[in-house]
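Just below is one structure, and these are the notes that go with it.
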Amino acid sequence: MSDLTIGSRTYLQREKNPALPPPRLTSGPLAWVRQNLFSSIGSSVLTFLFLALALWIIPSLIDFAFVKAVWSGDAATCRANLDGACWAFIRDKFDYLRYGSYPIDQRWRVDVTEVVGAVLIFWLLWNGAPRRNVAALLFFIVYPILAFVLLRGAPLIGLPVIDTSLWGGVLITLLMSVIGIVFSLPLGVLLALGRRSQMPIVKAACVTFIEFVRGVPFITVLFMANFMLPLFVPDYLTPDRLLRPMIGTALFSAAYMAEVVRAGLQAMPKGQYEGAMALGIGYWPMMRLVVLPQALTTVIPGIVSTFIGLFKDTTLVAIVGIADFLRTVETARLDPSWAGPTISPTGYLFAASFYWVFCFGMSRYSQRTERRLSKGRKH
Amino acid sequence: MANTSTLVKPDRGSILNDPKARSLFYQVVLAAVVIAVFYGAYSNTSRHMADAHIPTGFSFWNAVAGFDINQTLIPYTQLSTYGRAFWVGLVNTLLVAVLGIVLTTIIGFTVGVARLSPNWIVAKVAMVYVEVIRNIPLLLQLLFWYNAVLKPLPAPKQSIQIPGGIFLNNRGIIVPDPQFGAGSGWVGLALLFGIVASFGFYGWASVRQKKTGQQAPVLLVAAALIIGLPLLVFFLLGSPITFEAPVLKGFNFRGGRQIFPELAALLLGLSVYTASFIAEIVRAGIQSVGRGQSEAAHALGLNARQTLRLVVIPQAMRVIIPPLTSQYLNLTKNSSLAVFIGYPDLVAVFAGTVLNQTGAAVQVMAITMAVYLVISLVTSFAMNLFNKRNALVER
């Protein structure tokens, strides 16, 4: 056996290579820390920087909101403690933030409306619930009528009429959102179908409306609904001051909804339309039974994010003098008898948590639905 | 041909079932309804306006406004016309939109990239930012910045001083005021030339790359042209631009440039809020580029930076830019929330004060909406052109 030698080079090695060191840990908490927090010098610096930031912000926020907060007492107790939130203030103003100036002895009507609405929404959104189509019918048709009768009042059945100028707080915010949701979805579907229609005039009308509304700020739509709607209609039709922003809100979100629905319609394979047409069913049954159920489920995330946008946009109705939740927080915050440096942060913290819980809940629901549907679509 | 004439025309059935007739009928009905609604609105409006003595023309445009605006970028006094007030408002809107777009792009891209960081804590902090900010109404954030952060700042005498001659107090942010001496025009000219020359160089470099495959150091040359050249001219001419530092005199500051708290709050609120959406767009865009793309680039021998710059980013941008533009438009439209904190933008000045003083609701609202519509339509038109040029051509 001789070495495989060419010239002076040896191509066959005689000795074993020295053993490599064992591989670094790839599992366990220590390896995780090394990979995810200290993978390089830059990464380590960032880790320390953000850790310091988190250790500064989170404890001071918890301190402010809970540990050092004033839970009960009056304005003087709050003024004496500048390090913590003044929850006593929220407690004092809670009913005002809930109902606005709705008469105290009639507030049960608001509670009933809200509870019925919550039950219907839960029924509608809960997957395994029986007869969800009944829930849809109740929510989209019966509930608005019931809510109108209960909130506004009907002297016929012994409920005194409450003027809408007394409504306020969370009631207005929820009402605006629900009205917007109930009307914007069907309107948006109609506009989207119109935009994809073969009929040139229908298409032009829908495109004009959608592009016009999407091109202007919501505030100008509200201004228009508030100042110009009464000019447009005959005197006997002049809408109520609360109805005007509602119309504006519904039309505004309908235009955005239309674009979301259109995306769903465009994503449908042509075969679905052709299959339905081959079966000889008409336009509306085809849309109702074949196209829309599929198109709408594919765009559930878009629909929900339009709802979230609508919910956040209800804060703008304050510009036309409607006392929505944020507006009541502003009014309460400026109450001179509670004046103090911690009042504004407390009010904003409370309002932010309220909006955040609703919006985050909605976005989580849409993510879950999306995941469930995508699981169903996989083969 | 002769045979066909003898054929009996097939029975099409009732005209009610003819799709063409139906479609024509529906459209005529729709057109009639639309015209009736518009005519009704028009006649009602003109009657209402006559009854209430609301001006119907645009003669108010040249009347004296008689109110003050605290921030004006173009000359304006109480004696200026309503038309002038309109331009002041429009310029203020555009100012906040442009500054906001720059700021939100920086924050948004940083947070979006941070969400994809391999560093766990960086990714989590970015996620918390996005989830918290985008689920809270913009108006609430604006009010928070204005009423809870900027307004409680100390009075001018106890200003918070930031290195660099910047002062923070309840009247705003006071920064050194640049003074343009003789010769500063040349510096501006050099800057302009640098920008134009950089574009030219970029064009030349991409043509050369397509032809020969050789790359030119575009970024380096552009930096030299845009930053280096004006700096060189600046020092050659003996520093014609100086900064006048603000000085506390009595109860207020002399000199320096004051950024009003309204503008600062609006800018902060708008860019922080919009950035949370842009971050998600950026993340989705980067994730949309398939793994195979970067693996193929590595296999070709490109290093990590080249892969990112030449393969991933160009493809991600194609996905990012259309929704990014609509976020820019959203920011511009949302700048109308200025009216809630008293920043004199188009809506606050024109659709607010001017409308209330003149009562010309229809004309004022029409003009205001037309301005936003023009901005939106021009942007989406440009966007469509861009999309056509950059759309992915398959096969």
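Within region A:241-299, how many residues turn out to be acidic (D, E) and open to solvent by 60 Å² or more (accessible area, probe 1.4 Å)? Break it down stepwise before answering.
Narrowing region A:241-299 to residues acidic (D, E): A:259, A:274.
Of the ones still in play, those that are also open to solvent by 60 Å² or more (accessible area, probe 1.4 Å) are A:274.
So the count comes out to 1.
Looking at A:R109, A:R79, which one is in contact with a helix residue (DSSP H, G or I) (Cβ under 6 Å, 6 or more places away or on another chain) and part of a helix (DSSP H, G or I)? Can you show your working first?
On the way: A:R79 fails: in contact with a helix residue (DSSP H, G or I) (Cβ under 6 Å, 6 or more places away or on another chain).
A:R109 is the lone residue from the list that is in contact with a helix residue (DSSP H, G or I) (Cβ under 6 Å, 6 or more places away or on another chain) and part of a helix (DSSP H, G or I).
When the residues of region B:117-164 are filtered to those that are modelled with pLDDT of 90 or more and in a loop (DSSP other than H, G, I, E, B), which remaining residue is surrounded by the most Cβ atoms within 10 Å (Cβ to Cβ)?
B:P137
Can you confirm whether region A:312-322 contains a residue that is outside any helix (DSSP H, G or I), more than 10 Å from every other protein chain (Cβ to nearest Cβ), surrounded by 17 or more Cβ atoms within 10 Å (Cβ to Cβ) and not basic (K, R)?
So the first thing to find is which residues in region A:312-322 are outside any helix (DSSP H, G or I), and the list is A:321-322.
Narrowing further to those that are more than 10 Å from every other protein chain (Cβ to nearest Cβ): A:321-322.
When the remaining residues are screened for being surrounded by 17 or more Cβ atoms within 10 Å (Cβ to Cβ), the result is A:322.
With the extra rule that they be not basic (K, R), the set shrinks to A:322.
Within region A:312-322, one or more residues are outside any helix (DSSP H, G or I), more than 10 Å from every other protein chain (Cβ to nearest Cβ), surrounded by 17 or more Cβ atoms within 10 Å (Cβ to Cβ) and not basic (K, R).
Which one of B:V319, B:V339 is at pLDDT below 95, hydrophobic (A, V, I, L, M, F, W, C) and under 22 Å from B:F144 (Cα atoms)? Don't jump to the end; show me each part of the working.
Values: B:V319 fails: under 22 Å from B:F144 (Cα atoms).
Only one candidate passes the filter, namely B:V339.
Each row is one residue, and each column tells you yes or no for (1) farther than 25 Å from B:S335 by Cβ; (2) surrounded by 14 or more Cβ atoms within 10 Å (Cβ to Cβ); (3) touching a residue at least 12 places away in the same chain (Cβ under 8 Å).
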position	(1), (2), (3)
B:G250	yes, no, no
B:F253	yes, yes, yes
B:E262	no, yes, yes
B:Q306	yes, yes, no
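Just to be sure I understand the filter: pairs with C-beta atoms under 8 Å, separated by 6 or more residues or on different chains, first member in region A:23-51 and within 21 Å of B:V128 (Cα to Cα) and of a type in the set (S, T, Y), second member assigned to a loop (DSSP other than H, G, I, E, B) and open to solvent by 80 Å² or more (accessible area, probe 1.4 Å). Which pairs pass?
Here the result reads A:S43/B:P118, each pair linking region A:23-51 to a residue that is assigned to a loop (DSSP other than H, G, I, E, B) and open to solvent by 80 Å² or more (accessible area, probe 1.4 Å).
Can we say B:L99 is within 11 Å of another protein chain (Cβ to nearest Cβ), within 23 Å of the chain's Cα centre (by Cα) and either among the hydrophobic types (A, V, I, L, M, F, W, C) or under 18 Å from B:Y343 (Cα atoms) (or both)? Spell out the reasoning first.
Details: within 11 Å of another protein chain (Cβ to nearest Cβ): no; within 23 Å of the chain's Cα centre (by Cα): yes; either among the hydrophobic types (A, V, I, L, M, F, W, C) or under 18 Å from B:Y343 (Cα atoms) (or both): yes.
Here the answer is no, as B:L99 does not meet what is asked.
Residues being away from chain B (no Cβ under 14 Å) and of a type in the set (S, T, Y): count how many of those fall in region A:225-248.
Qualifying residue count, region A:225-248: 0.
Do we find a residue being within 14 Å of chain A (Cβ to nearest Cβ) and on the phi < 0 side of the Ramachandran plot anywhere in region B:80-92?
So in region B:80-92, the residues within 14 Å of chain A (Cβ to nearest Cβ) come out as B:89-90.
Remaining after also requiring on the phi < 0 side of the Ramachandran plot: B:89-90.
For region B:80-92, residues within 14 Å of chain A (Cβ to nearest Cβ) and on the phi < 0 side of the Ramachandran plot: present.
Taking region A:92-117 only, how many residues are touching a residue at least 40 places away in the same chain (Cβ under 8 Å) and either of a type in the set (K, R) or open to solvent by 60 Å² or more (accessible area, probe 1.4 Å) (or both)? Before the answer, list the steps.
Kept after step one, since they are touching a residue at least 40 places away in the same chain (Cβ under 8 Å), are these residues of region A:92-117: A:92-93, A:96-103, A:106, A:109-110, A:114, A:117.
The next check asks that each one be either of a type in the set (K, R) or open to solvent by 60 Å² or more (accessible area, probe 1.4 Å) (or both); those that pass are A:92-93, A:96, A:98, A:101, A:109.
Within region A:92-117, residues that are touching a residue at least 40 places away in the same chain (Cβ under 8 Å) and either of a type in the set (K, R) or open to solvent by 60 Å² or more (accessible area, probe 1.4 Å) (or both) number 6.
Please work out which one of (1) of a type in the set (G, A, S); (2) touching a residue at least 60 places away in the same chain (Cβ under 8 Å); (3) within 12 Å of another protein chain (Cβ to nearest Cβ) is the condition A:A75 fails and give its number.
Among (1) of a type in the set (G, A, S); (2) touching a residue at least 60 places away in the same chain (Cβ under 8 Å); (3) within 12 Å of another protein chain (Cβ to nearest Cβ), A:A75 violates only (3).
Quick one: which helices (runs of 4 or more DSSP H) sit completely within region A:141-224 and have at least 1 residues that are more than 26 Å from the chain's Cα centre (by Cα) and away from every other protein chain (no Cβ under 14 Å)? Talk me through it step by step, then tell me what you get.
Numbers: elements: A:143-152, A:170-195, A:200-215, A:218-223.
Output list reads A:143-152.
If you take the residues of region A:118-157 that are farther than 18 Å from A:W108 by Cα and among the small types (G, A, S), which of them is surrounded by the most Cβ atoms within 10 Å (Cβ to Cβ)?
A:A135
Quick check on my filter: what residues within region A:225-240 are part of a helix (DSSP H, G or I) and either surrounded by fewer than 18 Cβ atoms within 10 Å (Cβ to Cβ) or free of Cβ contacts under 8 Å to residues at least 24 places away in the same chain (or both)?
A:F227, A:M228, A:L229, A:P230, A:L231, A:F232, A:D235, A:Y236, A:L237
Give region B:102-128 a look and list any residue that's in contact with a helix residue (DSSP H, G or I) (Cβ under 6 Å, 6 or more places away or on another chain) and away from chain A (no Cβ under 14 Å), or say none.
Matches in region B:102-128: B:L103, B:T104, B:I107, B:G108, B:F109, B:G112.
Select from region B:230-248 the residues that are open to solvent by less than 50 Å² (accessible area, probe 1.4 Å) and in a helix (DSSP H, G or I) and list them in ascending order.
Of everything in region B:230-248, those that are open to solvent by less than 50 Å² (accessible area, probe 1.4 Å) and in a helix (DSSP H, G or I) turn out to be B:P230, B:V233, B:F234.
Return yes when A:Q266 is more than 10 Å from every other protein chain (Cβ to nearest Cβ), assigned to a helix (DSSP H, G or I) and out of contact with any helix residue (DSSP H, G or I) (no Cβ under 7 Å at 6 or more places or on another chain) and no when it is not.
Details: more than 10 Å from every other protein chain (Cβ to nearest Cβ): yes; assigned to a helix (DSSP H, G or I): yes; out of contact with any helix residue (DSSP H, G or I) (no Cβ under 7 Å at 6 or more places or on another chain): yes.
Against the criterion (more than 10 Å from every other protein chain (Cβ to nearest Cβ), assigned to a helix (DSSP H, G or I) and out of contact with any helix residue (DSSP H, G or I) (no Cβ under 7 Å at 6 or more places or on another chain)), A:Q266 qualifies.
On the given criteria, is B:F235 free of Cβ contacts under 8 Å to residues at least 12 places away in the same chain and of a type in the set (F, W, Y)?
For B:F235, the condition - free of Cβ contacts under 8 Å to residues at least 12 places away in the same chain and of a type in the set (F, W, Y) - is met.
Working only within region A:323-352, note down all residues that are assigned to a loop (DSSP other than H, G, I, E, B), more than 26 Å from A:L243 (Cα to Cα) and touching a residue at least 24 places away in the same chain (Cβ under 8 Å). Please lay out each step first, then the result.
So the first thing to find is which residues in region A:323-352 are assigned to a loop (DSSP other than H, G, I, E, B), and the list is A:323, A:334-335, A:339-342.
Restricting the remaining residues to those that are more than 26 Å from A:L243 (Cα to Cα) gives A:334-335, A:339-342.
Within region A:323-352, A:D335, A:A339, A:G340, A:P341, A:T342 meet the criteria.
The values are calculated or read from the model by the stated rules, or taken from the named source; none is laboratory data. Small disclaimer: the values here were computed from a predicted structure and weren't measured. Note that each Cβ is placed from the backbone with ideal geometry, even for glycine, and that neighbours are counted across all protein chains shown. These area figures cover heavy atoms from the full protein model, side chains too; ligands, DNA and RNA do not enter into them. Shrake-Rupley method; radii C 1.70, N 1.55, O 1.52, S 1.80 Å.
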